[in-house]
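First comes the structure, then the notes that go with it.
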Amino acid sequence: MLRQLRVNCAGSFGTKSPRTETFSARVSPPSTQSRSMIVCAAVIGQANNPLYIRCFLDESSESALKFHYIVHCSLDAIEEKVLAPKRNPAELQEAYLGLLYPTEDCKVFGYVTSTHIKFVLVVDDAPFKEDDIQLIFRRFHHAYVNAVSNPFYTFGMVGSVGNLLTRFITGDAYHVRHCRGMPNIRQ
Amino acid sequence: MAARHTRNIVDRPIWKSKGEASTVSFSAFAFLFSELIQYSQTKVKSTAELENRLEVAGGEIGRRLLELLTYREKAPKRKTRLLDLLKFVHTTVWPYMFGKTADSLEQANAADDEYMISDVNLALTKYISVPRDMGSFNPGALAAGIVKGILDAAGFPARVSTHYVDVPGLSKPQTTILMKFEPSVMQREARLEPRAT
(Lines give C-alpha, C1' and ligand atoms only; values in the text may rest on other atoms or scores of the structure.)
Protein backbone atom coordinates (compact mmCIF):
# COMPACT_ATOMS: atom_id res chain seq x y z
CA MET A 1 0.00 0.00 0.00
CA LEU A 2 2.66 2.42 1.06
CA ARG A 3 4.83 1.51 -1.86
CA GLN A 4 1.96 2.21 -4.17
CA LEU A 5 1.35 5.57 -2.59
CA ARG A 6 4.98 6.44 -2.83
CA VAL A 7 4.99 5.66 -6.51
CA ASN A 8 1.89 7.71 -7.11
CA CYS A 9 3.42 10.57 -5.31
CA ALA A 10 6.89 10.22 -6.71
CA GLY A 11 9.01 13.22 -6.10
CA SER A 12 6.40 15.03 -4.15
CA PHE A 13 8.66 15.73 -1.23
CA GLY A 14 11.60 17.65 -0.63
CA THR A 15 15.02 18.57 -1.43
CA LYS A 16 17.48 20.94 0.08
CA SER A 17 17.66 24.20 -1.69
CA PRO A 18 21.33 25.02 -2.10
CA ARG A 19 20.75 28.75 -1.95
CA THR A 20 18.89 29.16 1.30
CA GLU A 21 20.29 26.10 3.03
CA THR A 22 16.88 25.14 4.34
CA PHE A 23 14.86 22.02 4.21
CA SER A 24 11.67 22.19 2.24
CA ALA A 25 8.98 19.80 1.19
CA ARG A 26 7.24 19.99 -2.13
CA VAL A 27 3.61 19.15 -2.55
CA SER A 28 2.86 18.92 -6.21
CA PRO A 29 4.65 16.62 -8.62
CA PRO A 30 7.65 18.16 -10.34
CA SER A 31 5.96 17.86 -13.71
CA THR A 32 3.58 20.70 -12.96
CA GLN A 33 4.71 24.28 -13.13
CA SER A 34 3.54 25.43 -9.76
CA ARG A 35 5.03 24.00 -6.64
CA SER A 36 3.51 24.63 -3.31
CA MET A 37 5.58 23.78 -0.31
CA ILE A 38 4.72 22.44 3.09
CA VAL A 39 6.16 24.95 5.49
CA CYS A 40 4.94 23.48 8.74
CA ALA A 41 3.46 20.20 9.96
CA ALA A 42 1.94 19.48 13.35
CA VAL A 43 0.33 16.66 15.32
CA ILE A 44 -2.13 17.72 17.99
CA GLY A 45 -3.36 15.33 20.68
CA GLN A 46 -6.82 14.52 21.96
CA ALA A 47 -6.89 17.34 24.49
CA ASN A 48 -5.53 19.86 21.97
CA ASN A 49 -2.05 19.35 23.34
CA PRO A 50 0.72 19.71 20.79
CA LEU A 51 2.54 16.41 20.26
CA TYR A 52 4.77 17.40 17.43
CA ILE A 53 5.34 20.61 15.54
CA ARG A 54 7.97 21.28 12.98
CA CYS A 55 8.67 24.10 10.58
CA PHE A 56 10.55 23.49 7.39
CA LEU A 57 11.13 27.04 6.25
CA ASP A 58 13.91 28.19 8.48
CA GLU A 59 14.88 27.50 12.01
CA SER A 60 14.64 30.99 13.43
CA SER A 61 12.56 31.23 16.55
CA GLU A 62 10.49 34.03 15.07
CA SER A 63 9.05 31.92 12.28
CA ALA A 64 8.65 28.98 14.66
CA LEU A 65 6.55 31.21 16.87
CA LYS A 66 4.50 32.36 13.92
CA PHE A 67 3.69 28.79 12.91
CA HIS A 68 2.89 27.85 16.48
CA TYR A 69 0.40 30.65 16.40
CA ILE A 70 -1.08 29.58 13.07
CA VAL A 71 -1.43 25.99 14.23
CA HIS A 72 -2.98 27.16 17.47
CA CYS A 73 -5.57 29.20 15.57
CA SER A 74 -6.33 26.28 13.31
CA LEU A 75 -7.59 24.31 16.34
CA ASP A 76 -10.57 26.62 16.54
CA ALA A 77 -11.27 26.09 12.88
CA ILE A 78 -11.02 22.32 13.35
CA GLU A 79 -13.41 22.39 16.28
CA GLU A 80 -15.84 24.44 14.25
CA LYS A 81 -15.69 22.02 11.35
CA VAL A 82 -16.09 18.99 13.57
CA LEU A 83 -19.00 20.37 15.53
CA ALA A 84 -20.83 22.25 12.79
CA PRO A 85 -23.99 20.47 11.74
CA LYS A 86 -23.80 19.80 8.06
CA ARG A 87 -26.59 19.03 5.67
CA ASN A 88 -24.95 15.84 4.55
CA PRO A 89 -24.39 13.56 7.54
CA ALA A 90 -21.71 11.55 5.73
CA GLU A 91 -19.63 14.70 5.42
CA LEU A 92 -19.49 14.99 9.17
CA GLN A 93 -17.43 11.83 9.45
CA GLU A 94 -14.82 12.55 6.84
CA ALA A 95 -11.35 12.47 8.37
CA TYR A 96 -10.02 15.00 5.89
CA LEU A 97 -11.33 18.44 6.78
CA GLY A 98 -10.04 20.35 3.80
CA LEU A 99 -8.89 23.94 3.89
CA LEU A 100 -9.28 25.29 7.38
CA TYR A 101 -8.45 28.90 6.66
CA PRO A 102 -6.06 30.92 4.56
CA THR A 103 -3.62 33.32 6.15
CA GLU A 104 -1.76 36.12 4.39
CA ASP A 105 0.92 33.98 2.84
CA CYS A 106 -0.14 30.38 3.42
CA LYS A 107 -3.02 27.95 3.63
CA VAL A 108 -3.83 25.66 6.53
CA PHE A 109 -5.24 22.16 6.09
CA GLY A 110 -6.58 19.80 8.71
CA TYR A 111 -7.23 16.11 9.23
CA VAL A 112 -8.76 14.41 12.26
CA THR A 113 -8.34 10.70 12.95
CA SER A 114 -10.87 8.49 14.68
CA THR A 115 -8.97 8.83 17.96
CA HIS A 116 -9.24 12.65 17.81
CA ILE A 117 -5.65 13.20 16.85
CA LYS A 118 -5.37 16.25 14.60
CA PHE A 119 -2.88 16.71 11.81
CA VAL A 120 -2.28 20.22 10.57
CA LEU A 121 -0.33 21.15 7.48
CA VAL A 122 0.61 24.69 6.60
CA VAL A 123 1.25 25.08 2.89
CA ASP A 124 2.60 28.20 1.26
CA ASP A 125 0.39 30.18 -1.04
CA ALA A 126 0.86 28.56 -4.43
CA PRO A 127 -1.62 26.66 -6.56
CA PHE A 128 -2.06 23.12 -5.33
CA LYS A 129 -4.10 20.05 -6.08
CA GLU A 130 -6.64 18.95 -3.51
CA ASP A 131 -5.83 15.31 -4.26
CA ASP A 132 -2.17 15.83 -3.42
CA ILE A 133 -3.02 17.24 -0.03
CA GLN A 134 -5.34 14.33 0.67
CA LEU A 135 -2.65 11.88 -0.36
CA ILE A 136 -0.11 13.52 1.90
CA PHE A 137 -2.51 13.43 4.82
CA ARG A 138 -3.08 9.76 4.18
CA ARG A 139 0.64 9.10 4.33
CA PHE A 140 0.86 11.31 7.37
CA HIS A 141 -1.79 9.08 8.95
CA HIS A 142 0.19 6.01 7.94
CA ALA A 143 3.28 7.40 9.63
CA TYR A 144 1.26 8.11 12.75
CA VAL A 145 -0.24 4.61 12.81
CA ASN A 146 3.23 3.16 12.50
CA ALA A 147 4.50 5.28 15.37
CA VAL A 148 1.55 4.38 17.58
CA SER A 149 1.91 0.67 16.91
CA ASN A 150 5.26 0.78 18.63
CA PRO A 151 4.70 -0.88 22.03
CA PHE A 152 7.00 1.66 23.67
CA TYR A 153 4.84 4.53 22.55
CA THR A 154 3.01 6.19 25.41
CA PHE A 155 -0.20 7.90 24.42
CA GLY A 156 -0.24 11.65 24.64
CA MET A 157 3.43 11.99 25.47
CA VAL A 158 5.27 14.77 23.74
CA GLY A 159 8.31 13.46 21.96
CA SER A 160 6.91 9.97 21.55
CA VAL A 161 5.94 10.85 18.02
CA GLY A 162 9.18 12.76 17.67
CA ASN A 163 10.75 10.57 15.06
CA LEU A 164 7.62 9.89 13.13
CA LEU A 165 7.49 12.93 10.94
CA THR A 166 11.22 13.07 10.59
CA ARG A 167 11.11 9.55 9.23
CA PHE A 168 8.08 10.41 7.15
CA ILE A 169 9.86 13.26 5.46
CA THR A 170 13.26 11.65 5.15
CA GLY A 171 11.62 8.50 3.78
CA ASP A 172 10.26 10.59 0.97
CA ALA A 173 13.51 12.39 0.52
CA TYR A 174 15.17 9.01 0.19
CA HIS A 175 12.64 8.04 -2.42
CA VAL A 176 13.18 11.22 -4.33
CA ARG A 177 16.91 10.79 -4.31
CA HIS A 178 16.74 7.29 -5.67
CA CYS A 179 14.03 7.76 -8.23
CA ARG A 180 14.69 11.23 -9.49
CA GLY A 181 18.41 11.36 -9.24
CA MET A 182 18.47 14.30 -6.90
CA PRO A 183 21.64 14.51 -4.88
CA ASN A 184 22.37 16.53 -1.77
CA ILE A 185 19.42 15.60 0.32
CA ARG A 186 20.14 16.30 3.89
CA GLN A 187 17.85 16.46 6.79
CA MET B 1 -6.06 -15.56 16.03
CA ALA B 2 -8.61 -18.20 15.21
CA ALA B 3 -8.14 -19.63 11.77
CA ARG B 4 -11.08 -21.33 10.19
CA HIS B 5 -9.29 -23.35 7.60
CA THR B 6 -10.99 -26.53 6.62
CA ARG B 7 -8.13 -27.92 4.61
CA ASN B 8 -4.73 -29.01 5.74
CA ILE B 9 -2.13 -26.29 5.56
CA VAL B 10 -0.10 -28.08 2.89
CA ASP B 11 -3.17 -28.44 0.68
CA ARG B 12 -3.97 -24.77 0.71
CA PRO B 13 -2.71 -22.46 -2.00
CA ILE B 14 0.06 -20.13 -0.94
CA TRP B 15 -1.74 -17.14 -2.36
CA LYS B 16 -4.54 -16.03 -0.17
CA SER B 17 -7.88 -15.18 -1.59
CA LYS B 18 -8.78 -11.52 -1.34
CA GLY B 19 -11.18 -11.79 1.56
CA GLU B 20 -8.94 -13.99 3.67
CA ALA B 21 -7.23 -12.18 6.49
CA SER B 22 -3.76 -13.18 7.51
CA THR B 23 -3.84 -15.28 10.65
CA VAL B 24 -1.59 -16.18 13.53
CA SER B 25 -1.22 -19.69 14.91
CA PHE B 26 -3.80 -20.18 17.61
CA SER B 27 -1.44 -22.26 19.75
CA ALA B 28 1.12 -19.48 19.70
CA PHE B 29 -1.52 -17.05 20.84
CA ALA B 30 -2.80 -19.43 23.53
CA PHE B 31 0.72 -19.82 24.96
CA LEU B 32 1.26 -16.07 24.96
CA PHE B 33 -2.08 -15.40 26.61
CA SER B 34 -1.44 -18.13 29.17
CA GLU B 35 1.87 -16.48 30.03
CA LEU B 36 0.18 -13.10 30.34
CA ILE B 37 -2.32 -14.51 32.82
CA GLN B 38 0.33 -16.39 34.79
CA TYR B 39 2.53 -13.33 35.01
CA SER B 40 -0.38 -11.13 36.01
CA GLN B 41 -1.32 -13.59 38.72
CA THR B 42 2.01 -13.16 40.45
CA LYS B 43 1.30 -9.44 40.73
CA VAL B 44 -2.23 -9.45 42.10
CA LYS B 45 -4.04 -10.40 45.28
CA SER B 46 -7.59 -10.81 44.07
CA THR B 47 -9.59 -11.89 41.02
CA ALA B 48 -10.83 -8.36 40.48
CA GLU B 49 -7.26 -7.10 40.31
CA LEU B 50 -6.38 -9.80 37.81
CA GLU B 51 -9.30 -8.82 35.59
CA ASN B 52 -8.26 -5.22 35.96
CA ARG B 53 -4.73 -5.98 34.80
CA LEU B 54 -6.01 -7.80 31.74
CA GLU B 55 -8.30 -4.88 30.99
CA VAL B 56 -5.45 -2.42 31.20
CA ALA B 57 -3.39 -4.58 28.84
CA GLY B 58 -6.35 -4.78 26.46
CA GLY B 59 -6.88 -1.04 26.62
CA GLU B 60 -3.46 -0.39 25.15
CA ILE B 61 -4.24 -2.80 22.32
CA GLY B 62 -7.66 -1.26 21.70
CA ARG B 63 -6.43 2.29 21.23
CA ARG B 64 -3.88 1.15 18.70
CA LEU B 65 -6.37 -1.11 16.93
CA LEU B 66 -8.86 1.69 16.41
CA GLU B 67 -6.26 3.86 14.74
CA LEU B 68 -4.92 1.01 12.64
CA LEU B 69 -8.23 -0.43 11.48
CA THR B 70 -9.78 2.91 10.61
CA TYR B 71 -6.68 3.73 8.60
CA ARG B 72 -7.06 0.48 6.71
CA GLU B 73 -10.67 1.18 5.80
CA LYS B 74 -11.20 2.33 2.25
CA ALA B 75 -12.07 5.86 3.25
CA PRO B 76 -10.92 6.75 6.76
CA LYS B 77 -13.91 7.96 8.69
CA ARG B 78 -14.24 9.35 12.14
CA LYS B 79 -16.71 7.48 14.27
CA THR B 80 -19.04 10.15 15.53
CA ARG B 81 -22.11 8.06 16.27
CA LEU B 82 -22.42 5.42 18.93
CA LEU B 83 -24.06 2.82 16.71
CA ASP B 84 -21.50 3.28 13.96
CA LEU B 85 -18.73 2.65 16.45
CA LEU B 86 -20.41 -0.42 17.92
CA LYS B 87 -21.00 -1.83 14.45
CA PHE B 88 -17.36 -1.18 13.70
CA VAL B 89 -16.35 -3.19 16.77
CA HIS B 90 -18.73 -5.96 15.83
CA THR B 91 -18.01 -6.28 12.13
CA THR B 92 -14.46 -4.99 11.70
CA VAL B 93 -12.55 -5.41 14.94
CA TRP B 94 -13.93 -8.84 15.81
CA PRO B 95 -13.04 -10.44 12.46
CA TYR B 96 -9.60 -8.87 12.70
CA MET B 97 -9.04 -10.42 16.12
CA PHE B 98 -11.01 -13.64 16.06
CA GLY B 99 -11.65 -14.41 12.40
CA LYS B 100 -15.40 -13.98 12.66
CA THR B 101 -17.94 -11.37 13.64
CA ALA B 102 -19.26 -11.43 17.19
CA ASP B 103 -22.33 -13.61 17.65
CA SER B 104 -24.55 -10.75 18.67
CA LEU B 105 -24.61 -7.05 19.37
CA GLU B 106 -27.65 -5.85 21.26
CA GLN B 107 -28.98 -3.12 23.46
CA ALA B 108 -29.94 -4.02 27.00
CA ASN B 109 -33.69 -4.09 27.60
CA ALA B 110 -33.52 -2.34 30.91
CA ALA B 111 -31.32 0.62 30.08
CA ASP B 112 -30.71 2.77 27.03
CA ASP B 113 -27.06 3.30 27.80
CA GLU B 114 -26.12 -0.38 28.03
CA TYR B 115 -25.05 -2.45 25.07
CA MET B 116 -23.83 -6.02 24.92
CA ILE B 117 -21.56 -7.96 22.61
CA SER B 118 -21.88 -11.71 23.08
CA ASP B 119 -19.87 -14.61 21.81
CA VAL B 120 -20.60 -18.24 22.58
CA ASN B 121 -17.11 -19.47 21.86
CA LEU B 122 -14.90 -16.51 22.51
CA ALA B 123 -11.45 -17.58 21.32
CA LEU B 124 -9.88 -16.09 24.45
CA THR B 125 -11.68 -18.56 26.70
CA LYS B 126 -10.51 -21.62 24.83
CA TYR B 127 -8.19 -23.99 26.78
CA ILE B 128 -8.89 -22.03 29.95
CA SER B 129 -10.99 -23.47 32.73
CA VAL B 130 -11.35 -21.17 35.67
CA PRO B 131 -10.81 -22.81 39.08
CA ARG B 132 -13.74 -22.71 41.48
CA ASP B 133 -12.05 -20.42 43.99
CA MET B 134 -11.51 -17.77 41.32
CA GLY B 135 -15.22 -17.12 41.28
CA SER B 136 -16.51 -15.26 38.27
CA PHE B 137 -13.17 -14.56 36.61
CA ASN B 138 -13.49 -14.46 32.83
CA PRO B 139 -10.41 -14.41 30.59
CA GLY B 140 -12.52 -12.40 28.16
CA ALA B 141 -11.50 -9.43 30.34
CA LEU B 142 -8.80 -8.86 27.75
CA ALA B 143 -11.44 -8.43 25.04
CA ALA B 144 -13.37 -6.14 27.36
CA GLY B 145 -10.21 -4.09 27.78
CA ILE B 146 -9.76 -3.89 24.02
CA VAL B 147 -13.35 -2.74 23.57
CA LYS B 148 -12.90 -0.19 26.35
CA GLY B 149 -9.73 1.07 24.75
CA ILE B 150 -11.52 1.55 21.46
CA LEU B 151 -14.52 3.28 23.01
CA ASP B 152 -12.37 5.57 25.15
CA ALA B 153 -10.09 6.54 22.29
CA ALA B 154 -13.05 7.32 20.06
CA GLY B 155 -14.49 9.61 22.71
CA PHE B 156 -17.23 7.32 24.04
CA PRO B 157 -16.11 6.62 27.61
CA ALA B 158 -17.83 3.57 29.08
CA ARG B 159 -17.58 1.02 31.84
CA VAL B 160 -16.93 -2.35 30.26
CA SER B 161 -17.16 -5.72 31.99
CA THR B 162 -17.24 -9.38 31.03
CA HIS B 163 -19.66 -11.97 32.29
CA TYR B 164 -20.41 -15.61 31.77
CA VAL B 165 -24.07 -15.99 30.94
CA ASP B 166 -25.78 -19.36 30.92
CA VAL B 167 -27.90 -19.79 27.85
CA PRO B 168 -30.52 -22.53 27.82
CA GLY B 169 -29.75 -25.13 25.18
CA LEU B 170 -26.01 -24.48 25.08
CA SER B 171 -23.49 -26.68 26.84
CA LYS B 172 -21.11 -23.75 27.45
CA PRO B 173 -21.93 -20.44 29.01
CA GLN B 174 -21.58 -17.59 26.57
CA THR B 175 -19.32 -14.64 27.22
CA THR B 176 -21.03 -11.29 27.27
CA ILE B 177 -19.21 -7.99 27.20
CA LEU B 178 -21.37 -5.36 28.81
CA MET B 179 -20.79 -1.70 27.97
CA LYS B 180 -22.37 1.02 30.07
CA PHE B 181 -21.84 4.44 28.57
CA GLU B 182 -21.45 7.60 30.55
CA PRO B 183 -24.35 10.07 30.62
CA SER B 184 -22.37 12.63 28.62
CA VAL B 185 -22.18 10.17 25.72
CA MET B 186 -25.91 9.57 25.71
CA GLN B 187 -26.62 13.30 25.86
CA ARG B 188 -24.40 13.91 22.85
CA GLU B 189 -26.13 11.09 20.99
CA ALA B 190 -29.49 12.67 21.64
CA ARG B 191 -28.16 15.98 20.37
CA LEU B 192 -26.77 14.44 17.19
CA GLU B 193 -30.01 12.66 16.42
CA PRO B 194 -31.32 14.18 13.17
CA ARG B 195 -34.46 16.10 13.93
CA ALA B 196 -37.52 15.48 11.86
CA THR B 197 -38.31 18.75 10.16
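The values are calculated or read from the model by the stated rules, or taken from the named source; none is laboratory data. Since the model is a prediction, treat every value here as computed from it, not as a measurement. Positions of Cβ are generated from backbone atoms using ideal geometry, with glycine treated the same way; all protein chains shown enter the neighbour counts.
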Could you give every pair whose Cβ atoms fall below 7 Å, whose first residue belongs to region B:148-165 and is free of Cβ contacts under 8 Å to residues at least 40 places away in the same chain, and whose second residue is buried (at least 18 other Cβ atoms within 10 Å of the Cβ) and part of a loop (DSSP other than H, G, I, E, B), counting only separations of at least 6 or pairs across chains? B:His163/B:Asn138; B:Tyr164/B:Asn138
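To keep it simple, each residue is scored yes or no on (1) modelled with pLDDT of 90 or more; (2) surrounded by 13 or more Cβ atoms within 10 Å (Cβ to Cβ); (3) among the β-branched types (Val, Ile, Thr).
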position	(1), (2), (3)
B:Gly145	yes, yes, no
B:Pro173	no, yes, no
B:Ala190	no, no, no
B:Glu193	no, no, no
Kindly indicate whether any position in region A:28-51 is in a helix (DSSP H, G or I), within 30 Å of B:Leu151 (Cβ to Cβ) and at pLDDT 80 or above. no
Would you please name the residue that is nearest to the other protein chains (Cβ to nearest Cβ), looking only at residues in region A:113-159 that are over 14 Å from the mean Cα position of the chain (by Cα) and of a type in the set (D, E, K, R)? A:Lys129
Could you check region A:99-112 and list, in sequence order, the residues that are more than 14 Å from every other protein chain (Cβ to nearest Cβ) and of a type outside the set (D, E, K, R)? A:Leu99, A:Leu100, A:Tyr101, A:Pro102, A:Thr103, A:Cys106, A:Val108, A:Phe109
Hits in region B:58-96 - residues which are touching a residue at least 60 places away in the same chain (Cβ under 8 Å), surrounded by fewer than 17 Cβ atoms within 10 Å (Cβ to Cβ) and more than 10 Å from every other protein chain (Cβ to nearest Cβ): B:Pro95, B:Tyr96
Output the residues belonging to region B:153-195 that are away from every other protein chain (no Cβ under 14 Å) and in a loop (DSSP other than H, G, I, E, B). B:Asp166, B:Val167, B:Pro168, B:Gly169, B:Leu170, B:Ser171, B:Lys172, B:Pro173, B:Glu182
Would you check if there is a residue in region A:113-129 being surrounded by 15 or more Cβ atoms within 10 Å (Cβ to Cβ), assigned to a helix (DSSP H, G or I) and modelled with pLDDT under 85? no
Test B:Gly135 against the criterion of being more than 14 Å from chain A (Cβ to nearest Cβ), on the phi > 0 side of the Ramachandran plot and exposed (fewer than 14 other Cβ atoms within 10 Å of the Cβ), and give yes or no. yes
